[in-house]
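Data first, discussion second: the structure below is written as structure tokens.
The values are calculated or read from the model by the stated rules, or taken from the named source; none is laboratory data. Everything quoted here is computed from the prediction, not taken from an experiment. Neighbour counts are summed over all protein chains in view; Cβ atoms, including those assigned to glycine, are modelled from backbone coordinates with ideal geometry.
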Amino acid sequence: MFEITAVESFSPSTFLWEINAPEIARAARPGQFVIVHCDETSERIPLTIADFDAVKGTITIVIQAAGKGTLEMMAYKAGDRISAVAGPLGEPSEIENFGTVVLVGGGLGAAPVYPILRALKLKGCHTISIIGFRTKSLVFWEGRFRRYSDESIIVTDDGSYGEKGLVTQPLKDIIMERQINRVIAIGPLVMMRSCAEVTRPFGVRTIVSVNPIMVDGTGMCGSCRVSLGDEVKFACIDGPDMDGHLVNFDELIIRQKRFVKYEKQSLALYEKKCPK
Ligand SMILES: Cc1cc2nc3c(=O)[nH]c(=O)nc-3n(C[C@H](O)[C@H](O)[C@H](O)COP(=O)(O)OP(=O)(O)OC[C@H]3O[C@@H](n4cnc5c(N)ncnc54)[C@H](O)[C@@H]3O)c2cc1C
Ligand code: FES
């Protein structure tokens, strides 16, 4: 059993868990994820490790309630215990002194960007962060981002905080005026695809973190396959980080929706059983 040591709510649908998991915290690297299994009846949910503290023995995950499984997670409080946390899974992000790196986080994607930003800053990179949210009330971890960013930009779709617009606009402005050695973009698939399209004409290496539907998380089921150029890769063992200029986003977006009918049925049953 794993104890949830802290719960923090960021908005009505986004929240943070800190979990006591000393072995995972010791082994975790930026870019990796865990699969959480709350109890024997719940789904296996892949979630990125948004922070880890080897001394304290904890990992942090940030969750967006997207369906039945993640809605069930919202009911847990600090001190509760969950059945299983498997990880760290996936390949760690490449961390080197690349020079000037732009890190782009869209919505909840800001959480997985954070440990990569911190590690790159500590390696000596010049870090520029761009984080984007729909509106001011959804902004989280601004202080953490500023601490490890040489330059930091916040945008909101509706202009209620920071600059108005999408993350792609400041990304384009920066790429057009200066030498950028690498871009890391994490967020919804359409946002990562747009970032990759902004950087493609400039030939700036662009890493995205793909999140296809995963089952085992260990390379055996094939659910998380991604077409990368002429190759087929499995995001759980070859990724989640991948070259954004090679990922077939169109296929990924279609595959991401393949169980929507069942997800809707499952959510409807859950809402009937547990009305708000
Ligand atoms: C490597 C990886 C890291 C992720 N990190 C985070 C994170 O840090 N925070 C976060 O909130 N979410 C993260 N996700 C997405 C999260 O796993 C899904 O939102 C969650 O599984 C949805 O389950 P559900 O029962 O609540 O919703 P459902 O109603 O079952 O599904 C809602 C949508 O979530 C996606 N989804 C469903 N099941 C899975 C699955 N097994 N694997 C991947 N996607 C699924 C599908 O697009 C689906 O349409 C990550 C996914 C992957 C693969
Ligand atoms: S989740 Fe099964 S192969 Fe990746």
Quiz item: Take the residues of region 11-30 that are in contact (Cβ under 8 Å) with a residue 40 or more places away in the chain and within 12 Å of T60 (Cβ to Cβ): which is surrounded by the most Cβ atoms within 10 Å (Cβ to Cβ)?
Solution: W17
Quiz item: Do we find that I59 is more than 20 Å from I184 (Cα to Cα), within 12 Å of ligand 1 (Cβ to nearest atom), buried (at least 17 other Cβ atoms within 10 Å of the Cβ) and among the aliphatic types (A, V, I, L, M) in this structure?
Solution: yes
Exercise. Hey, can you tell me all the residues within region 31-49 that are in a loop (DSSP other than H, G, I, E, B) and surrounded by fewer than 24 Cβ atoms within 10 Å (Cβ to Cβ)?
Key: Q32, C38, D39, E40, T41, S42, E43
Quiz item: Between residues in region 37-52 that are closer than 13 Å to R81 by Cβ and assigned by TED's automatic domain parsing to the domain that holds G239 and residues that are within 14 Å of ligand 2 (Cβ to nearest atom) and assigned to a loop (DSSP other than H, G, I, E, B), which pairs lie under 6 Å by C-beta distance while being six or more apart or on different chains?
Solution: none
Quiz item: Within the bounds of region 202-212, is there any residue that is more than 19 Å from R29 (Cα to Cα), within 14 Å of ligand 2 (Cβ to nearest atom) and not β-branched (V, I, T)?
Solution: yes
Self-check item: Members of region 198-224 that are surrounded by 18 or more Cβ atoms within 10 Å (Cβ to Cβ) and over 17 Å from the mean Cα position of the chain (by Cα)
Solution: V198, T199, V204
Quiz prompt | Matching residues, region 105-150, being charged (D, E, K, R) and part of a helix (DSSP H, G or I) | solution = R118, K121, K136, E142, R144, R146, R147
Quiz item: Among the candidates F234, F259, which residue alone is within 13 Å of ligand 1 (Cβ to nearest atom), aromatic (F, W, Y), touching a residue at least 12 places away in the same chain (Cβ under 8 Å) and within 15 Å of G90 (Cβ to Cβ)?
Solution: F234
Quiz prompt | Count - residues of region 104-159 that are under 19 Å from D51 (Cβ atoms), of a type in the set (G, A, S) and surrounded by fewer than 23 Cβ atoms within 10 Å (Cβ to Cβ) | solution = 5
Quiz item: Would you call A86 of a type outside the set (V, I, T), closer than 26 Å to V190 by Cα and not in a loop (DSSP other than H, G, I, E, B)?
Solution: no
